[in-house]
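Note sheet for the following structure.
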Amino acid sequence: MEWLADISLAAWMSLLALAIVVIVSCINENLNVGFLSIALAIIVGGIWVNLSAVRVLSAFPLSLFMILVGVTFLFGLASTNGTMEKVAAYSLRACRGQAAWLPLIVYLLVTFLTMIGPGNIAATALVAPIAMAIAARVGIPAFLMTLIVVGASNGAAFSPFAPTGIVSNGLIAKMAPQLPAILEHWSLDQLAWKIHFNSTYCQGIINIGGFLIMGGWIWIRNKRNQALDIDELAPRPAPLTRHQWYTLTAIGLLILLVIVPALPFLKGLFPRPLLNLIANVGSVAFILAAVLMLLGAGDSKAAVQAMPWSVIMLVCGVTVLIEVMDRAGGLSAMVKMIGATSGPVTVTFWLGLWTGVISAYSSSSGVVMPMFLPLVPGLAKEVAGADVIAMISSINIGSHLVDTSPLSTLGALCIACAGEHENKQRLFRNLLIWGLSMSFVGALACFLFFGILGW
């Protein structure tokens, strides 16, 4: 514990500022702690780190901000013109009246919608009302349907196209120069997909397993041969309009223009001017959104209002505070605290546990990820032999598995959409118990998959 004596006053004050942000975010969800973080960063930087306010504000992650704005605006256009709603309706009709297939169809639908760009909150908000209505119609308890909807959205949330994945990848790109060993084997694009894959299978195993164990398998077995009127269950939507076809084409181009140029064997085929235009998913989204606006395919005012400005500023504001913490020595202190109790295998457990506990009462992508991901380079040095990808995955998964809780936006959305026949108080209690238990279950899963098995 001698290292405690080496922590400077500036480091302690930066840790205190972060503690204030975490505590406030836990007890007052109506207060945007992104703005509070910037104010505290200016105070800590000016008094204890000898940084002017101008220097502190220059730490604002402009690149991350622009990427988030571009992607969320594009999908704001897609949502407000009805495209995503029709995609959801057509997808649910894919079960063709076979009731037993409905949980799988809903899971795949939410996974797809989250992965292509809207993100976990938007996908849940879009599908939860439909999914809960269907659950009431076919007799699936709202608790089980919540595990499917929230599990799918959070499992796919780290797609390079989704806001949560963009936040994660932006933070990883910022700390990449401190991780030369990992960059010898992985490009940033490859690393982004690896992190996404880890989240998808880990959260999928836990949530689908929970669905089956908590009664889903019995329901599927009972409904295996039961047919339903698909037109009554999910009425056929109106055909896609010309503007909606434009929107789907834009989404398809977004995916292609991000994935294809990143493939190693195709990089040399694209001219430099084109590569400059499609430098990241945000630049592609801005161009495609501009084309849709010029074609009259969306209401730009409605799209701007639909964008998650609160979350965007939350992420960027906390990132400013974390930058000041780094200058003050606060990050090094946190690294030593975690490193003192961790080994190369057990570090995945502790990261999964602490991120889950804090995220149960705070914002997963807005507070917890910007707080813990910058610790990875230091932990890689402090805990000899610790795997960088394992630590990143543990932080991301631990912070999101608990979001089934009704204290999170996703869990709350599902409760709000549950059928009138459901006991909402009991549903709240069951989801709260499940969500909080996921902090420990997630830690064990990270320890098993990334620590012991090294997946």
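Here are a few things to note about the model shown:
- Residue check, Ser439 farther than 20 Å from Leu191 by Cβ, touching a residue at least 40 places away in the same chain (Cβ under 8 Å), outside any helix (DSSP H, G or I) and not acidic (Asp, Glu): no
- Unique residue being more than 26 Å from Gly356 (Cα to Cα), of a type in the set (A, V, I, L, M) and in contact with a helix residue (DSSP H, G or I) (Cβ under 8 Å, 6 or more places away or on another chain) when the list is Ile166, Ile206, Ile130: Ile130
- When each of Glu85, Glu29 is tested for being at negative phi, surrounded by fewer than 21 Cβ atoms within 10 Å (Cβ to Cβ) and part of a loop (DSSP other than H, G, I, E, B), the lone residue that passes is Glu29.
- Taking the listed residues Leu257, Leu294, Leu253, the one that is exposed (fewer than 11 other Cβ atoms within 10 Å of the Cβ) and without any contact (Cβ under 8 Å) to a residue 60 or more places away in the chain is Leu294, with no other qualifying.
- Residue count for the stretch 380-410 satisfying the condition of being more than 24 Å from Leu314 (Cβ to Cβ) and in contact with a Gly (Cβ under 6 Å, 6 or more places away or on another chain): 2.
- Failed criterion for Leu379 (all others in (1) touching a residue at least 40 places away in the same chain (Cβ under 8 Å); (2) surrounded by fewer than 19 Cβ atoms within 10 Å (Cβ to Cβ) hold): (2)
- Scope the stretch 103-120; condition aliphatic (A, V, I, L, M), more than 12 Å from Gly151 (Cα to Cα) and within 14 Å of the chain's Cα centre (by Cα); matching residues: Leu113, Met115, Ile116
- Where a residue in the stretch 85-102 is free of Cβ contacts under 8 Å to residues at least 24 places away in the same chain and its partner, wherever it lies, is buried (at least 16 other Cβ atoms within 10 Å of the Cβ) and β-branched (Val, Ile, Thr), with Cβ under 6 Å and at least six apart: Ala94/Ile105
- Scoring Leu407 on the criteria (1) under 29 Å from Ile140 (Cα atoms); (2) crowded, with 23+ Cβ neighbours inside 10 Å leaves a single failure, condition (2).
- Residue tally, condition small (Gly, Ala, Ser) and not in a helix (DSSP H, G or I), over the stretch 67-82: 1
This table checks each residue for (1) within 18 Å of Ile166 (Cα to Cα); (2) among the hydroxyl-bearing types (Ser, Thr, Tyr); (3) touching a residue at least 12 places away in the same chain (Cβ under 8 Å).
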residue: Pro118; (1), (2), (3): yes, no, yes
residue: Ala122; (1), (2), (3): yes, no, yes
residue: Val127; (1), (2), (3): no, no, yes
residue: Ala135; (1), (2), (3): no, no, yes
residue: Pro141; (1), (2), (3): no, no, yes
residue: Thr146; (1), (2), (3): no, yes, yes
residue: Val149; (1), (2), (3): no, no, yes
residue: Ser153; (1), (2), (3): yes, yes, yes
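- Of Ala412, Ala360, all but one fail to be under 22 Å from Ile206 (Cβ atoms) and without any contact (Cβ under 8 Å) to a residue 12 or more places away in the chain; the exception is Ala412.
- Qualifying residue in the stretch 89-96 (condition: among the aliphatic types (A, V, I, L, M) and within 14 Å of Ala157 (Cα to Cα)): no
- Qualifying positions in the stretch 46-63 - among the aliphatic types (A, V, I, L, M) and not in a helix (DSSP H, G or I): Val49, Leu51, Ala59
- Scope the stretch 209-231; condition charged (D, E, K, R) and in contact with a helix residue (DSSP H, G or I) (Cβ under 6 Å, 6 or more places away or on another chain); matching residues: Lys223, Arg224
Values quoted throughout were computed directly from the atomic coordinates according to the rules given, and no laboratory measurement underlies them. Note that the structure is a prediction, hence the values are computed from the model and not measured. We place every Cβ from the backbone using ideal geometry, glycine too, and count neighbours over all the protein chains shown.
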